[in-house]
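The values are calculated or read from the model by the stated rules, or taken from the named source; none is laboratory data. The shown structure was predicted, so the numbers you read here are calculated from the model rather than taken from an experiment. Cβ placement follows ideal geometry from the backbone for every residue including glycine, while neighbour counts extend to all protein chains displayed.
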């Protein structure tokens with residue numbers, strides 16, 4: 001059990017038992033349903049493991065002092081429960097930070113890393129407004145926060161409102177102290193040792209994401225990174241443009257680490 005977390009993380013698993021592993025770590029303020037499209041699609045070829053971070057979904061609470069390394073350890077524990085083969089790590093926003101911390105813990109087990117809603121910054125004062133809002137409004141802030149993860153155009157759609165409602169309908173299971181403890185870890189800034197991440201990294205960034213410009217700084221920090229912009233998408237680009245997100249992810253894996261044979265034969269069409 002990872003330090004400063006009151007138990008094993010909840011995970012949802014789908015895909016063939018013997019398939020290569022792919023682990024998904026969600027953004028604030030969502031839970032593992034942030035990967036609903038990828039779990040439905042990529043589980044055709046991969047054993048997909050989607051965790052809930054502490055304070056969200058069905059996972060236990062985090063204690064004050066929890067670190068991103070603690071969260072990374074907890075996510076590796078979830079992966080280890082499904083096997084010990086190399087893993088493709090996929091994360092959005094705080095989930096991107098977690099998977100970038102996961103790779104140095106077990107570099108031999110990391111096949112590749114895919115991040116979205118991500119950027120490099122030595123200081124993160126922009127996160128303070130979320131901390132202040134959670135302290136002011138409590139768990140009810142999740143609804144407004146979820147909509148902020150989308151581009152302005154998508155935010156105005158009934159689907160975006162439905163998604164925001166999906167997470168806020170689960171507020172009874174959320175834990176604000178755990179969420180604030182994770183923000184305390186995240187606001188410290190990104191570590192310089194990201195430059196030591198040796199796995200191939202794909203950065204998918206929405207052009208309408210407030211973190212878009214910081215994504216280029218992350219690319220320049222990492223020794224082996226590619227960046228693709230999803231035009232018109234926001235922070236949670238995997239929800240706004242899943243067809244583009246999945247296409248670029250599969251193309252990257254095909255070129256850098258290889259795909260399961262069946263996945264090479266059935267590539268998602270470009271729209």
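The table below gives the values:
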| quantity | calculated |
| --- | --- |
| Single unsatisfied condition, residue 36 versus (1) touching a strand residue (DSSP E or B) at 6+ places or on another chain (Cβ under 8 Å); (2) within 24 Å of residue 164 (Cβ to Cβ); (3) surrounded by fewer than 17 Cβ atoms within 10 Å (Cβ to Cβ) | (1) |
| Residue 66 being crowded, with 17+ Cβ neighbours inside 10 Å, in contact (Cβ under 8 Å) with a residue 24 or more places away in the chain, in contact with a helix residue (DSSP H, G or I) (Cβ under 6 Å, 6 or more places away or on another chain) and in a loop (DSSP other than H, G, I, E, B) | yes |
| Number of the condition not met by residue 78 [criteria: (1) over 18 Å from residue 103 (Cβ atoms); (2) surrounded by 19 or more Cβ atoms within 10 Å (Cβ to Cβ)] | (1) |
| Matching residues, the range 213-242, being assigned to a loop (DSSP other than H, G, I, E, B) and more than 17 Å from the chain's Cα centre (by Cα) | 222, 223, 224, 231, 232 |
| All positions within the range 164-195 that are assigned to a loop (DSSP other than H, G, I, E, B), modelled with pLDDT under 95 and loosely packed, with under 15 Cβ neighbours inside 10 Å | 188, 189 |
| First in the range 4-18 and over 26 Å from residue 67 (Cβ atoms), second anywhere and surrounded by 14 or more Cβ atoms within 10 Å (Cβ to Cβ) and modelled with pLDDT of 95 or more, Cβ under 6 Å, 6 or more apart | 14/39; 14/43; 14/48; 15/43; 15/46; 15/47; 15/48 |
| Single match in 123, 161 (criterion: surrounded by fewer than 17 Cβ atoms within 10 Å (Cβ to Cβ), in contact (Cβ under 8 Å) with a residue 40 or more places away in the chain and over 13 Å from residue 179 (Cα atoms)) | 123 |
